[in-house]
Amino acid sequence: MTVSIFYNIPSPSSSSLSSFSCSSSCFLSIASSSIPFSNPKKPVQLSLSHTSASLSDMDVISSPGLYPLHRCKTLHLVRHAQGVHNVEGEKDHAAYLSESLFDAHLTPLGWQQVDHLRKHVHETGLSKKIELVIVSPLLRTMQTAVGVFGSEGYKDGIDVPPLMVENAGESNRPAISSLNCPPFVAVELCREHLGVHPCDRRKSIGEYRPVFPAIDFSLIASDEDNLWEANSREKNEEVAVRGMKFLNWLWTRKEREIAIVTHSGFLYHTLSVFGNDCHPSVKSEICTHFANCELRSVVIVDRSMMGSDPATTNYPGKIPSGLDLPSDVADEKLLNDGEGK
């Protein structure tokens, strides 16, 4: 099976990642590039003339990609806002080993970052396009997700559960409503590096459910965090492989426009697999570390028939039916008929 994220997967030297890419290839594209191809104020004149150049002469990196729309999904990737572990870890890296940072919550500055990103997604109309919000099941990512993509403040008497209850995770924030929101689904595959750092260990799902009542935790198999190990840190390559499994899993979902709220390490190591056949500036757009509460939009492409969704905008034509032989096909048919005599 093959997914895509507008960039062919390179052939990694590691056996585990290369064996994974043999059965699943992903391709990724930045949805909107900041690299200008020409002066936007000066129209580019195109000339059509006969040429002896062949397609094999074209530069692969400069060639556009073209894929059926129903084999594409748009992903809006978000790193969580500033957490208390970000602050303490920047002061002293050893703080990442502190149990006091277990399942770190957002800082007051982090909540300000959430408010600014929320304003952006509403002003750009993005909030109306998103069909699904996928979130890593840690406190800081869930706080970010519901703060950015949730509804307005929750009011008693509304017959829908809140996305987040009041003052969840020392937030000093009002409850957040799930009214008129897309579904929120917690997924373990998009967690941060597993192991060693207590800030990356989650609470039990039983503790999360009363705090985030409208988030769907049904895809998480274990109530307790059985993935995090105190003495073993997940390797960067293992994070990348897990990220590829996550991207492949997205093709089991029917939604075409999805927001994903996750972590710096997960995003960096997953996206670093891509872009090696692109211009270095495009590679940089994909593979640089995310800032807190940064959003980047990309397109993933299924190039291996992994997805099964039918095309909804394609139209078969020839209704009513009639003769429609194209001239170039007629020329080819005439040539073939002549050679057959």
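The values are calculated or read from the model by the stated rules, or taken from the named source; none is laboratory data. Since this is a predicted model, take the numbers as computed values, not measurements. For neighbour counting, all protein chains shown are included, and Cβ atoms are generated from backbone atoms with ideal geometry for every residue, glycine included. We work out accessible area using only protein heavy atoms, side chains counted, and drop any ligands, DNA or RNA first. Shrake-Rupley method; radii C 1.70, N 1.55, O 1.52, S 1.80 Å.
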**Request:** Evaluate the following for Pro182: is it more than 17 Å from Leu106 (Cβ to Cβ) and open to solvent by 40 Å² or more (accessible area, probe 1.4 Å)?
**Result:** no
**Item:** Any hit, segment 84-100, residues being open to solvent by 50 Å² or more (accessible area, probe 1.4 Å), in a loop (DSSP other than H, G, I, E, B) and either touching a His at 6+ places or on another chain (Cβ under 9 Å) or farther than 29 Å from Leu250 by Cα (or both)
**Value:** yes
**Asked** Can you spot a residue in segment 304-313 that is at pLDDT below 95, among the aliphatic types (A, V, I, L, M), over 19 Å from His80 (Cα atoms) and surrounded by fewer than 16 Cβ atoms within 10 Å (Cβ to Cβ)?
**Response** yes
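With the condition kept exactly as written, say whether any residue in segment 200-209 is modelled with pLDDT of 95 or more, touching a strand residue (DSSP E or B) at 6+ places or on another chain (Cβ under 7 Å), within 18 Å of Val261 (Cβ to Cβ) and in a loop (DSSP other than H, G, I, E, B).
Scanning segment 200-209 turns up no residue that is modelled with pLDDT of 95 or more, touching a strand residue (DSSP E or B) at 6+ places or on another chain (Cβ under 7 Å), within 18 Å of Val261 (Cβ to Cβ) and in a loop (DSSP other than H, G, I, E, B).
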**Request:** May I ask you to verify whether Val329 is among the aliphatic types (A, V, I, L, M) and open to solvent by less than 40 Å² (accessible area, probe 1.4 Å)?
**Result:** no
**Prompt:** Only one residue in Ala259, Ala240, Ala291 is open to solvent by less than 50 Å² (accessible area, probe 1.4 Å), within 24 Å of Ser127 (Cα to Cα) and touching a residue at least 40 places away in the same chain (Cβ under 8 Å), so which one is that?
**Reply:** Ala259
**Message:** Just to be sure I understand, how many residues within segment 132-150 are out of contact with any strand residue (DSSP E or B) (no Cβ under 7 Å at 6 or more places or on another chain) and not in a helix (DSSP H, G or I)?
**Reply:** 1
**Message:** Being touching a residue at least 40 places away in the same chain (Cβ under 8 Å) and either at negative phi or touching a strand residue (DSSP E or B) at 6+ places or on another chain (Cβ under 8 Å) (or both) narrows it down to one residue among Leu334, Leu325, Leu247; which is it?
**Reply:** Leu247
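Residues to consider are Arg233, Arg191; find the one that is basic (Lys, Arg) and surrounded by 19 or more Cβ atoms within 10 Å (Cβ to Cβ).
Arg191
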**Asked** Hey, Thr144 hits all of (1) open to solvent by 20 Å² or more (accessible area, probe 1.4 Å); (2) under 17 Å from the mean Cα position of the chain (by Cα); (3) closer than 20 Å to Pro108 by Cα but one; which does it fall short on?
**Response** (1)
**Count of segment 183-232 residues which are in contact (Cβ under 8 Å) with a residue 24 or more places away in the chain and in contact with a helix residue (DSSP H, G or I) (Cβ under 6 Å, 6 or more places away or on another chain)** = 10
**Message:** I'm trying to understand the selection: among the residues of segment 106-126, which are open to solvent by less than 40 Å² (accessible area, probe 1.4 Å) and not polar (S, T, N, Q)?
**Reply:** Leu106, Gly110, Trp111, Val114, Leu117, Arg118, Val121, Gly125, Leu126
**Prompt:** Before we move on, is Arg71 modelled with pLDDT under 95 and either closer than 30 Å to His197 by Cβ or among the charged types (D, E, K, R) (or both)?
**Reply:** yes
